[in-house]
Amino acid sequence: MKWLALVAVAAGALRWDQPSGDGVRHGQALAFTPPSHACQPRMHSASSGAGSRWLASGRGRQAGALRGGARRNVGGSSRNGVCMMAEEIECDVVIVGGGPAGCTCALYTSRADLKTVIVDKNPSIGALAITSTIANYPGVDRSMSGEALLDQMREQAVQYGTDYRRAQVFLVDTEGDRKYVYTPDATFVARALVLATGAMGRKPSYKGEDTYLGQGVSYCATCDGAFYRDSEVAVVGVNQEAVEEAQFLTKFASTVHWITNTKITAEEGYKQQLLSCPNVKHWDNTRMTAILGDDSGVTGITVQEKGSSSEEQIDAEGVFIYVAGSKPITDFCEGKVAFKEDGGVDVNDEMSTNVPGVFAIGDIRNTPYKQVVVAASDGCVAAMAIDRYLKGRKSVKVDWIHE
């Protein structure tokens with residue numbers, strides 16, 4: 001059984017009910033909720049886990065079930081069955097993911113005079129960004145941090161004309177000559193799509209996580225937060241993504257229970273800002289042990305403080321999990337491209353997938369060589385292949401030629 005996405009968008013909310021063997025449960029195949037209703041507590045009959053588990057990238061197991069089923073609605077237009085009130089942005093190339101692979105690809109496509117957009121969930125949570133020092137990338141000081149190197153890559157791409165956007169991608173539509181990338185605030189329409197979300201996703205690891213995915217378990221507060229007005233929610237994670245998403249939830253939830261397995265120091269300013277919110281309750285040095293629920297969805301969680309032999313139960317209707325892993329982040333594009341048996345996106349020597357105009361680069365391929373220089377190389381190869389593909393060339397055009 002597949003759960004379909006419940007997504008809060010800028011102008012309101014989209015809702016898909018859960019399909020059952022007899023059709024659509026609760027009778028409504030599709031309903032558009034006006035803004036005034038989008039901030040009401042969530043309806044347990046629909047999925048609320050807008051498919052952003054690791055993501056990039058947005059990403060979504062639920063969204064993956066919508067192959068060919070996404071449709072845009074800008075000023076009254078629509079596509080394939082789903083109304084979406086969002087700004088539409090057209091470009092030549094849209095890259096989902098802003099790591100070294102995505103930034104390198106954008107640098108090359110921008111230099112080739114292709115209008116390029118990077119859609120990046122968060123620049124500070126990828127594998128390179130959390131690396132303390134980079135000693136094996138050619139030409140950089142060995143004391144440089146991964147975050148500093150990535151900042152330089154991004155800035156270089158932007159200087160050549162790349163449009164860098166921070167947004168959560170919850171669905172892509174790869175059918176046809178135009179590719180669609182959906183975020184809560186905008187729809188990106190491009191002639192070529194590049195998947196570059198990396199491999200820091202994870203399989204459900206908490207007891208009850210998989211059971212209640214889409215019934216209160218979510219990986220995207222931006223997508224689902226509005227459905228928890230005046231409800232208690234829990235946020236699990238200590239990275240910047242977790243902090244930003246918890247901050248967003250404070251606008252809706254009556255109480256945000258922030259679960260961190262470490263203590264927060266006074267020097268961590270952006271985390272202290274979250275702690276200053278009156279509706280945030282911090283459970284530090286604590287781990288979540290299980291997610292509880294019933295037929296209606298999530299009802300709470302259990303937690304255990306380090307050094308304690310007992311568990312404590314917390315009432316919550318929503319659980320937002322931000323814990324990194326090593327699984328390719330592909331949930332937002334499941335069913336859209338071919339995958340290898342190991343879970344990576346399958347590509348040829350030009351980084352092209354089985355879908356014309358769709359490319360995949362970096363750790364999303366699940367290559368055993370997870371190095372910055374390899375990811376950057378993938379980006380270069382894909383960009384040159386894209387330039388040839390979009391301009392109808394028979395051969396690849398390089399930046400320089402020996403006379």
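Applying a threshold of 9 Å to beta carbon distances and a minimum spacing of six or more residues, or different chains, the list of pairs starting in the stretch 388-399 at a residue that is without any contact (Cβ under 8 Å) to a residue 12 or more places away in the chain and ending at one that is polar (S, T, N, Q) and exposed (fewer than 11 other Cβ atoms within 10 Å of the Cβ) reads Arg388/Ser395. Quick one: in the stretch 167-209, which of the residues that are basic (Lys, Arg) and under 18 Å from Ile364 (Cβ atoms) is least open to solvent (accessible area, probe 1.4 Å)? Checked the stretch 167-209; the qualifying residue least open to solvent (accessible area, probe 1.4 Å) is Lys179.
Residues considered: Phe359, Phe339, Phe320, Phe332. Of these, the only one that is in contact with a strand residue (DSSP E or B) (Cβ under 8 Å, 6 or more places away or on another chain), at pLDDT below 95 and buried (at least 18 other Cβ atoms within 10 Å of the Cβ) is Phe332.
Among the residues of the stretch 172-188, those that are in contact with a Lys or Arg (Cβ under 9 Å, 6 or more places away or on another chain) and hydrophobic (A, V, I, L, M, F, W, C) comprise Val172, Ala186, Phe188. Residue pairs whose Cβ atoms lie under 7 Å apart, separated by 6 or more positions or on different chains, with the first residue in the stretch 338-350 and part of a loop (DSSP other than H, G, I, E, B) and the second open to solvent by less than 80 Å² (accessible area, probe 1.4 Å) and among the basic types (Lys, Arg), are Gly343/Lys327; Gly344/Arg365; Asp346/Lys340; Val347/Arg365.
Could you check the stretch 121-227 for strands (runs of 3 or more DSSP E) lying wholly inside it with 3 or more residues that are touching a residue at least 24 places away in the same chain (Cβ under 8 Å) and in contact with a Phe, Trp or Tyr (Cβ under 8 Å, 6 or more places away or on another chain)? First the steps, then the outcome.
On the way: elements: 163-166, 171-173, 179-182, 186-195.
The strands (runs of 3 or more DSSP E) meeting that bar are 171-173, 179-182, 186-195.
Note on the stretch 81-111: residues that are at pLDDT below 95, touching an Asp or Glu at 6+ places or on another chain (Cβ under 7 Å) and either in a helix (DSSP H, G or I) or open to solvent by 20 Å² or more (accessible area, probe 1.4 Å) (or both) amount to 1. Mind listing just one residue for me: the one in the stretch 228-257 that is hydrophobic (A, V, I, L, M, F, W, C) and assigned to a loop (DSSP other than H, G, I, E, B) and, of those, surrounded by the most Cβ atoms within 10 Å (Cβ to Cβ)? For the stretch 228-257, the residue satisfying everything is Ala253. Checked against (1) in contact with a strand residue (DSSP E or B) (Cβ under 8 Å, 6 or more places away or on another chain); (2) open to solvent by less than 10 Å² (accessible area, probe 1.4 Å); (3) of a type outside the set (S, T, N, Q), Tyr212 passes all but condition (2).
Could you list, in sequence order, all residues of the stretch 266-284 that are open to solvent by 60 Å² or more (accessible area, probe 1.4 Å) and part of a loop (DSSP other than H, G, I, E, B)? The answer is Ala266, Glu267, Ser276, Pro278.
Beta carbons closer than 7 Å, at least 6 apart along the sequence or on distinct chains, pair a first residue in the stretch 91-120 that is within 19 Å of Met200 (Cβ to Cβ) with a second that is in a strand (DSSP E or B) and of a type in the set (Phe, Trp, Tyr) for Gly98/Tyr164; Ile118/Tyr164; Val119/Phe188; Asp120/Tyr164. With respect to Arg142, is the statement that it is charged (D, E, K, R), within 22 Å of Val323 (Cα to Cα) and either at pLDDT below 95 or buried (at least 24 other Cβ atoms within 10 Å of the Cβ) (or both) true? The answer is no for Arg142.
Of all residues in the stretch 305-343, those being within 30 Å of Glu175 (Cβ to Cβ) and over 18 Å from the mean Cα position of the chain (by Cα) number 5. Note on the stretch 285-305: among residues that are more than 13 Å from Val319 (Cβ to Cβ) and in contact with a strand residue (DSSP E or B) (Cβ under 9 Å, 6 or more places away or on another chain), the one that is surrounded by the most Cβ atoms within 10 Å (Cβ to Cβ) is Thr286.
The values are calculated or read from the model by the stated rules, or taken from the named source; none is laboratory data. Computed from a predicted model, the values in this text were never measured in an experiment. Cβ: placed from backbone, ideal geometry, glycine included. Neighbour counts: every protein chain shown. Keep in mind that these areas ignore ligands, DNA and RNA; they rest on the heavy atoms of the full protein, side chains included. Shrake-Rupley method; radii C 1.70, N 1.55, O 1.52, S 1.80 Å.
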